[in-house]
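J.: Quick one: the structure is below, and I'll ask about it shortly.
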Amino acid sequence: MTFRVVHYINQFFAGIGGEEKAGEVLPELRQGVVGPGAALAAELKGQAEVVGTIICGDGYFAEHMEEATAKILELLNSCKPDILIAGPAFNAGRYGTACGAVCDAAAKQLGIPTVTGMYKENPGVDMYRKNTFIVSTADNARGIKEAVPTMAKLALKLLKKETVGLGPEEGYLERGVRRNYFLEETGAQRAAAMLAKKLRGEPFVTEYPMPVFDRVEPNPAVKDLKNATIALVTSGGICPKGNPDHIEASSATKYGEYDISTFAALSEADSETAHGGYDPTYANKEPNRVLPVDVLRDMEKEGVFKKLYDKYYTTVGNGTPVANAKRFGAEIGQKLKKDGVSAVILTST
Amino acid sequence: MAERPEVFTNNAYLARRVAGECRFVEGSAFDVLVALRDRIHSGARLLTHPLCGNLRPYQQPFRSALLAPPSEGEPLSVCPSSLALVEEALAVYRSCQGRWALPGKIPAAVEEDYACVDAALMQDSLERHGLWRGAC
Amino acid sequence: MVKEIERAGLPVVHICTIVPISLTVGANRIVPAVAIPHPLGDPSRTLEEEKVIRRKLVEKALRALQTEVSDQTVFAE
Amino acid sequence: MKLELHKVKVTGVQWGPVTELRNGVLTVNKAELLAKVSGDERLASLDADLALPGEKTRIVPVKDVVEPRCKLEGKNEVFPGFIGDVESVGMGKTLVLDGAAVVTCGKIVGFQEGIVDMSGPGAQYTPFSQTNNVVLIFTPAEGLERHDYEEAGRLAGFKAAHYLASAVKNSVKADVVETFDFPTLAQAMTAHPGLPKVAYLYMLQTQGLLHDTYVYGVDAKRIIPTLICPTEVMDGAIVSGNCVSACDKNSTYSHLNNPVIRALYERHGKDYNFVGCIITNENVTLADKKRSSSYATKLAKMLGVDGMVITEEGFGNPDTDLIMNCRKAETLGIKTVLVTDEYAGRDGASQSLADACKEADALVTGGNANEMILLPPMDKVIGFPDFANVIAGGFQGSLHEDGAILVELQAITGATSELGYSKISAYTM
């Protein structure tokens, strides 16, 4: 029996069009292979068949994630697939995110294995690496020759329920997911051997690496404060009253960007905190206790520095996954840098 | 003599055995941890570990802990190790959110066993502070 | 988050209550704040007094931004 | 201290008129066994059954597993403080019925105990699918308090294990004699010059009801960390009163056969000089945790050791003890290797330990206890199968109509041993 494969691709790889079509192409199912599916089918070497291809525009997916996912799952389910293969998306951010999201949903709701492919810096990697196998690809479509055979090989392994090895051997980006396996020696024998190596100063491999923290070099100080633009960022969850963007009280998946250009200070009437990690009474009563707009506005008027940046950025630091926090920081940093901000005050609770 | 420690619990079985006042939290074990965290934010220190025994959050519906209140007249300072412990405990609970055993949602006989074990693990610590009233 | 903003090339000062956590998340310029539910305020004072406290913290933060550092630095006083 | 373990291989167990051991087969007079074990008015009923490797048999819920042992020569008797007097053990000769085990089975509280499958996919996860098991099944007297019930069940296991070994001791000859000779500290300090000195820091679960361990009959939460001779451990100086979390509780059987002691002894004189074993506890209060970790690592420093294996028992709260022990030892210049297991969630994506430190750079894992396993139905179930629904690692609905059980490895006795008894590990996929 051959396994049934469904392939997910975007409007560009389906030959419908580029960016101009990204928002228009709704999820659709075509029988058999489309575009890069031909190369994939060849690599599956008759052991699995690409029975259908689902196509969706990246822009449409990004803007209608819930509806698009539901529709794609429905189309997928109608094919009775044994596996979903998505992409590869290379370094295309929205395409990568869509591939990851579709794989995640297929695994969770249909219980099938999934494989996709992305460049290691694609934002989809950090968001979905735990939920699917992401084969490491080049940053552009020229890498398809290397990507497709690796994806096909991994897919066949998953279909045959063979043991999947480590990321570097199999070509996928480490998922950060723990899996059990049996070794030749008992844990005690391994510990005794590891101690001998550690004492001799020989290299040894821990079986569980502790979470690591990386560091960034400090940037140079602000030389000319009088001409500086200062921006405010907070992980204390301050947001406009009513939390218009629904920033989550914990495990935040988004951050907010709000205009304060006309504010002399924040107040109980216009702001509140979305943060669920502390008692919100004090921040709701006087939001400047978390985001000191009042004082900074005064100092701007006094000419201590030139300008308080027109917007502030906010999220909730409570239980927010490291990958999300990293992405928020990177995006906020880029925007501030582009707008000529000189330095940032970040407040946390 | 240090000030009387504060007992936080959602376990009525334990609360009945505590001599004197008890901060009873209506709700889940997670809610107890949130109450502990807020109290730590206002300067209290943990005296007992915020995770219980060997039971996972999705098994044990009850959670109890002892806190030392902030010293009167001292400037407010948050105990970083207490905060780290309670945050780690919250993370353990969040990692299995949706599976928590909740008071009133498991068979009564089993719930009583859980209540008893939670109390038994606290008994020694309560006795040391003269807060254990004993069986009732 | 603080680290990624710094990585984008902007000096960042982190005003936060629990300095060890700030050190763990990799902030380079750290100013200790008042308390978790109100890092830049103190509800036991009057609003005017609070604003003075807040002003002092922000001034300290601006001084930190004007100070060259080569490693993680806590600006306590 | 010198101890000889006289091991007789047991390859089968059966009921019969006389308790004896012939050609590897242990025959047990059931009435005599029950008579020896009963007499505790706290137990309303007591029964026994047999479970052999390869049989389609499931035992649930398992409280403890005890290896049959008794003294042949030397002072006192095994399990000091319970069977034996409180005088020192660990010298002379001890008979071991190698390949046999007493498994105790009773529902002390409605949630905590483990599963042992004698065949099928679950069998490879528990060492007690390989032993010839005499199973004791008990129920409590009306209104019995849980502490008393736990103690009665614990004692029944020791009595049965001691009875089985004692009943055959005069008529068997050892297949293997293993000799363990630990020198005095004075000698140990100067032995094997040029080799680094190592110790074993042995953490005992001691948080309270169903989370206790006893040393010479003393509740180990009452001890200050201290030294113990490995041969004392082999004579049952450390016994388990811990019934919570089947996968990583250290049963009395695994204390008796502590694999870390064995592994360090195998390398003794070759890779390092194994000078001692320090026991410490895992408490509820943070003050106790600080005191015990400081005291235990200070003892190690006083012994002048260069390295140490540290084993944990349990998850969550004890992770704090493990990390404190590690950090304090490394700060004192003692290189550590930790043995633990993981709770990384069913998908393996959560943080494995509740605590961490950068000094913990050498860690051996017994695997992720949350990984799921489907245990197919068995022909015979010994014990109380309905408890799979509330057992640790089980969940509502885990007992299927056909008798299959869907559980986390956590429910399987000894699956992710933190003494390093099993061959499971985990890797980051």
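J.: Chain D: longest stretch without exposed GluC sites (Glu not before Pro) (DSSP loop, at most 14 other Cβ within 10 Å), sites themselves excluded? Working shown, then result.
T.: Values: sites that count: D:41, D:87, D:142, D:145, D:401.
With a cap of 14 other Cβ atoms within 10 Å, the longest stretch comes to D:146-400.
J.: So which GluC sites (Glu not before Pro) in the range A:189-274 end up in coil per DSSP with only 14 or fewer other C-beta atoms within 10 Å? Can you show the working numbers first?
T.: Details: sites: A:207, A:248, A:257, A:268, A:272; in loops: A:207, A:248, A:268.
Passing sites in the range A:189-274 are A:268.
J.: Could I ask something else about it? Take peptide B:82-90, look around each residue's Cβ out to 10 angstrom, count Cβ atoms belonging to other protein chains, and average those counts.
T.: 4
J.: Checking understanding here: applying a Kyte-Doolittle mean of at least 0.0 and a length along the axis of at least 15 Å (C-alpha), which whole DSSP H helices in chain A pass?
T.: Result, helices passing both filters: A:65-78, A:93-110, A:144-159.
J.: So how far, in whole Å, is the C-alpha centre of the range B:1-49 from the one of the range D:219-236?
T.: Result: 34 Å between the Cα centres.
J.: Could you compute the FRET efficiency for residue D:73 and residue D:35, with r as their C-beta to C-beta distance and R0 at 25 Å, rounded to 0.05? Present the calculation step by step, with values, prior to reporting the outcome.
T.: Numbers: r = 27 Å, r/R0 = 1.08.
Working from the Cβ atoms, E equals 0.40.
J.: Hey, rough spin-label estimate for residue D:298 and residue A:24, points 7 angstrom out along Cα→Cβ, what's it come to in nanometres?
T.: For the pair residue D:298/residue A:24, the computed spacing is 7.9 nm.
J.: Is any residue of the range B:78-106 close enough, with backbone N under 18 Å, to a label point placed 7 angstrom from the Cα of residue B:31 along the Cα-Cβ axis, and if so, which?
T.: Label zone hits: B:90, B:93-94, B:97-106.
J.: Across peptide A:284-295, what mean number of C-beta atoms from other chains lies inside 10 Å of a residue's C-beta?
T.: Averaged over the peptide's residues, the number is 6.
J.: How much accessible area is lost when chains D and A come together, counting both sides, with a 1.4 Å probe, in Å² rounded to the nearest 100?
T.: For D against A, buried area totals roughly 4100 Å².
J.: Looking at the square roots a ≥ b ≥ c of the eigenvalues of the Cα gyration tensor of the range A:33-173, which shape do they give, rounded for a/c under 1.5, prolate if a/b is larger than b/c, or oblate?
T.: rounded
J.: Restricting to DSSP loop positions (anything but H, G, I, E, B) with no more than 16 other Cβ atoms inside 10 Å of their own Cβ, which trypsin sites (Lys or Arg not before Pro) remain in chain C?
T.: Those satisfying the criteria are C:45.
J.: Rounded to the nearest 5, what % of DSSP beta bridges with both residues in chain D are antiparallel?
T.: 50
J.: Could I ask something else about it? Could you work out [θ]222 nm for chain D from helices alone, using -39500 (n - 2.57) per DSSP H run of at least four and dividing by all its residues? Round to the nearest 500 deg cm²/dmol.
T.: Calculated at 222 nm, the ellipticity per residue is -6000 deg cm²/dmol.
J.: Give the residues of the range A:252-278 whose amide nitrogen is closer than 17 Å to a point set 7 Å from the Cα of residue A:310 in the direction of its Cβ.
T.: The answer is A:257-264.
J.: Looking at the protein assembly as shown, what % of its DSSP beta bridges pair antiparallel, to the nearest 5?
T.: Values: 71 of 161 bridges.
Among the beta bridges of the protein assembly as shown, antiparallel pairing accounts for roughly 45 percent.
J.: Report the calculated FRET efficiency for residue A:145 and residue B:97 (r = Cβ-Cβ distance, R0 = 51 Å), to the nearest 0.05.
T.: That gives a FRET efficiency of 0.75.
J.: Another question, if that's okay. Amide H of residue D:282: which non-local residues (sequence gap of 5 or more, or other chain) have their own amide H closer than 5 Å, using H built in the peptide plane?
T.: It is D:204, D:206, by chain and number.
J.: In addition: Ignoring ligands, DNA and RNA, what accessible area per residue does the protein assembly as shown give at 1.4 Å, in Å²?
T.: Heavy-atom SASA per residue in the protein assembly as shown reads 37 Å².
J.: Across peptide D:196-203, how many C-beta atoms of other chains are within 10 Å of each residue C-beta, on average? Walk me through the numbers on the way to the answer.
T.: Details: counts 5, 1, 4, 0, 4, 0, 0, 0.
Average neighbour count from other chains, rounded to a whole number: 2.
J.: Using a simple spin-label model with points 7 Å from Cα along the Cα→Cβ vector, what separation in nm is obtained for residue D:349 and residue A:204?
T.: Spacing of the two 7 Å Cα→Cβ label points: 3.3 nm.
J.: For chain A, what % of the accessible area comes from carbon and sulfur atoms, probe 1.4 Å? Intermediate results must be reported in sequence, preceding the final value.
T.: On the way: 7850 of 15080 Å².
Taking all protein chains in place, chain A shows 52 percent carbon and sulfur surface.
J.: Still on this structure: What three numbers, in Å, describe the spread of the alpha carbons of the range D:137-209 along their principal axes, ordered from the longest?
T.: Projected onto the principal axes, the Cα atoms of the range D:137-209 cover 62, 42, 17 Å.
J.: Could you give the length gained by full extension between residue A:300 and residue A:337, i.e. 0.36 nm per residue of separation minus their alpha carbon distance, to one decimal place? Intermediate values should be presented prior to the final figure.
T.: Details: separation 37, 0.36 × 37 = 13.32 nm, distance 1.98 nm.
Full extension from residue A:300 to residue A:337 adds 11.3 nm.
J.: Same structure again: At most 10 other C-beta atoms within 10 Å and a DSSP loop state: those are the exposed trypsin sites (Lys or Arg not before Pro) I care about. Give me the longest piece of chain D that has none. Walk me through the numbers on the way to the answer.
T.: On the way: sites that count: D:173, D:270.
Maximal segment without exposed cleavage sites: D:1-172.
J.: For a Förster distance of 56 Å, can you work out the FRET efficiency between the beta-carbons of residue D:2 and residue B:129, rounded to the nearest 0.05? Could the numbers behind the result be given before it?
T.: Working: r = 46 Å, r/R0 = 0.83.
That gives a FRET efficiency of 0.75.
J.: If I model a spin label as a point 7 Å beyond the Cα along the Cα-Cβ vector, how far apart are those points for residue D:181 and residue C:59 in nm?
T.: Between residue D:181 and residue C:59, the label points sit 7.8 nm apart.
J.: Also, I was wondering about something else. How far is the Cα center of the range C:60-77 from the Cα center of the range A:1-80, in Å?
T.: 53
J.: Shifting gears a bit: Give the residue list of GluC sites (Glu not before Pro) in the range C:32-68 that are DSSP loop and have at most 16 other beta-carbon atoms within 10 angstrom.
T.: Numbers: sites: C:48, C:49, C:50, C:59, C:68; in loops: C:68.
Passing both the DSSP loop test and the Cβ count: C:68.
J.: Between residue D:374 and residue D:358, what length in nm is gained on full extension when 0.36 nm per residue of separation is reduced by their alpha carbon distance?
T.: Working: separation 16, 0.36 × 16 = 5.76 nm, distance 3.64 nm.
Stretched fully, the residue D:374-residue D:358 segment lengthens by 2.1 nm.
The values are calculated or read from the model by the stated rules, or taken from the named source; none is laboratory data. It should be emphasised that the depicted structure is a prediction, and the values quoted were computed from it without experimental measurement. Cβ coordinates were reconstructed from backbone atoms using ideal geometry, including for glycine residues, and neighbour counts include every protein chain displayed. For accessibility, only protein heavy atoms count, side chains too; no ligands or nucleic acids. Shrake-Rupley method; radii C 1.70, N 1.55, O 1.52, S 1.80 Å.
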